[in-house]
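Engineer: Take a look at this one; I'll ask things after.
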Amino acid sequence: MKVSGLKIRILWYGLITLLFIIGFTQTCAALTYSGGGEWKNSTEINIKDNSRQDLTNYQIPVVLNNSNFDFSKAQNAGQDIRFTSGDRQLQHWVEEWDVQSGRAKIWVRVPYIASGEATRITMHYGNPLATDISSGASTFQFFDDFSGNNLAFGNWEQFTTGGGQISVVSGTLRLIVPDYHPADISRIKSSDDFPINSMFVVKRKKVTTGTDSRGPVIVQGFVDSRNEDRSNMLISTELERETKVNWILKNSTADVSRTTADLTDLNVAEDTWYTTGVAWYLEDELGKVAFFKDGARDNKMDLTTTERTNNLNLINVKAYLLARTYPDVSDNTGYAAFDYAYVRKFVSGEPTVTVGRVTGAAAQESTNDTPEPAKINVTVPGGVINAVRIFDTTTYDASSLEELNASGFNLIMVRTNEENIWSLERFVKNAHENGIQVYAMITRDAGNSTSMMDTAQQVADYNNKSLARFDGMNIALNPCSEDPNEACEDNLALLESLRASSGGLPIAVDVPVSYDRSALQEVSDEVEFFILLTYNEQGEHLNNTATIIDSISAKMGEVRGAGENALIGIAVDEDYMTDTQVQDLIEGLQDYYSQDTAFMGTAIVVYEDYREYSQVTPSTDENRAIPAFTVLIAISMLLGAVYILKKKNK
């Protein structure tokens, strides 16, 4: 019996349609935390540069409303929102999502916007199973949402005088000035430094709890990273409804300072949330400052500062917040409250962002057609290690490893378990061919000490049989936080067992932030070197040279006392290969410890990868694998059907 050509054509059309669907859904399948679902909708976001300069890792706002977006097609808080550029997922943070009013504002970190050109990214939504990945820490240069009950570890330096107090309550920072005294001050400044072309934004409100309706004075802006009294650019808001607003500018180098007259009126009622932003930027070789309220620029506050008139040094600065009393000693008991704070990049003539396809626009969604930012190039002294942790090797080919080596990395710690160990052989071989050593990183997310031991034994067995041996092993110590004695004893027992079953491999041990430094010497005989972490799973990490040095000084002392060596573990953003601040941080630590025989180097980790894999569950990988497997079955069935029909038709 012959089968009609029509039926064969129908099957072929079905196959082509399926392949088209696969092409569409593969982008969605690559998006993280899908929950096993798929993204049904996407919208183009068009970006046009107006600054006449190339922008890298620039944060752009995507503003949604009922006229450009159907909120009913996304989750009720935007948990399923994702952004891509080409085949790369972008970091984002949802600042506002209000279905009732039909408004949302999302910040997206765009890798590259060419000078004067149009760029296009894609927003994906419509997956009811997806979980929220909004992350201010990954999107901005600096971010704090004041979660927990204390200021985040390593984010801020704090200072109070008189009756000043600082507290964190239910996700809100309070700078309190409760007494009527002219010296009452509560202030914080960031541990991190920021260059010119930065903007410091906070969501804030003023609360008066005393008899003086003026409430406290609030000061916000940037101060000299070396000494806040030397140079600053600050906005001061005073009086009831914050009707007096002026700049406080100072530069001790040029011996100039200026407090401007009252320039504008915020007109904000007490106990009302709103956002303010202080921008410091370079335009036509002049330093300039600008002020924003609720995202809108107040042109009355624009001010130019030059070498001749109120010079502000083009130096690194720290973000700064302060609440204080009035000098007339009135009883103005109250506090300034802050919901979140972030620092982002800012240039004059910010990009124009439009939602939806622009007919006839020349926007291109291709990061390959634009020049890549220059890669970092760390000079590594002899005997010093510059390591990087890799949790997923699927995107690393020989050229990627060559780039790592060219940028100064000479050791990789790769996540290893019993399931993936043999799939890493080619990766290890390529790394060795590029002059990079590889340590098997056995993480605690794999389970308890028994499962870690099993993996270590598999590594030893692999090394006996493989073409590309691991050069060492890396494990994490139990933080010893719940039951110090029992946990630390477990660490020692684990290390002794690992030493016995590792096949003589060197062992590097991660030391958590909370680990008792006095316990280091107890395990030092079982390890080749320590890695002193400056980050944890709770969202706390340090990325300032001076702060890192201060935080680990006691542990480094214990390492020296035991005659051992240590790497310093630091967390970075995913774009670390083109981030000059990462290079400065690594080289700054190398310079500081250049005469310290205990210092072996640094080990960086992409912080979002670290947090993701420290919380990974088996179902996550299974859920991601199912759609692709189903698609392969469907293709096979269609191809088989076409073949059978052709056979019958002959």
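The values are calculated or read from the model by the stated rules, or taken from the named source; none is laboratory data. Everything numeric here is computed off the predicted structure, so don't read it as measured data. Every residue, glycine among them, receives a Cβ derived from its backbone with ideal geometry; neighbour counts consider all protein chains shown. Heavy atoms of the whole protein, side chains included, go into the accessibility calculation; ligands, DNA and RNA do not. Shrake-Rupley method; radii C 1.70, N 1.55, O 1.52, S 1.80 Å.
Engineer: Kindly report the accessible area of region 143-209 per residue (heavy atoms of protein chains, probe 1.4 Å, no ligands, DNA or RNA), in Å².
Structural biologist: 40
Engineer: Among residues other than Arg241 whose Cβ falls under 11 Å from its Cβ, what is the net charge (Lys/Arg +1, Asp/Glu -1)?
Structural biologist: Around Arg241, the surrounding residues sum to -2.
Engineer: If you roll a 1.4 angstrom probe over the protein chains with everything in place, what fraction of the accessible area of region 496-596 belongs to carbon and sulfur, to the nearest %?
Structural biologist: 38
Engineer: Another question, if that's okay. Quick one: net charge of Glu228's neighbours, Cβ under 13 Å, K/R +1, D/E -1?
Structural biologist: +2
Engineer: A follow-up question, please. Under 17 Å from the Cα of Lys206, which aspartates and glutamates turn up, not counting those fewer than eight places away in the same chain?
Structural biologist: Answer for Lys206, where 17 Å is the Cα cut-off: Asp179, Asp184, Glu238, Glu240, Glu242, Asp265, Glu270, Asp271, Asp294, Asp331, Asp339, listed by chain and number.
Engineer: Averaged over all directions, how much area does the convex hull of the C-alpha atoms of region 515-595 cover when projected, in nm²?
Structural biologist: 6.0
Engineer: Still on this structure, please answer the following. Given the pairs Lys48/Lys205; Lys189/Lys244; Lys345/Lys555, which are separated by over 29 angstrom at their Cα positions?
Structural biologist: Long pairs (Cα-Cα over 29 Å): Lys48/Lys205; Lys345/Lys555.
Engineer: Which percent of the accessible area of region 96-184 is formed by carbon and sulfur heavy atoms (probe 1.4 angstrom)?
Structural biologist: C and S fraction of accessible area: 45 percent.
Engineer: Given contacts defined as C-alpha pairs under 8 Å and at least six residues apart, what's the relative contact order of region 221-289, whole-number percent?
Structural biologist: Value for region 221-289: 23 percent.
Engineer: Also, I was wondering about something else. By its C-alpha gyration tensor, with a ≥ b ≥ c as the square roots of the eigenvalues, how is region 191-265 shaped: rounded for a/c under 1.5, else prolate for a/b larger than b/c, else oblate?
Structural biologist: Here region 191-265 falls in the prolate category.
Engineer: Moving to a separate point now. So how strong a dipole does region 98-161 carry about its Cα centre when Lys and Arg Cβ are +1 and Asp and Glu Cβ are -1, to the nearest 20 debye?
Structural biologist: 260
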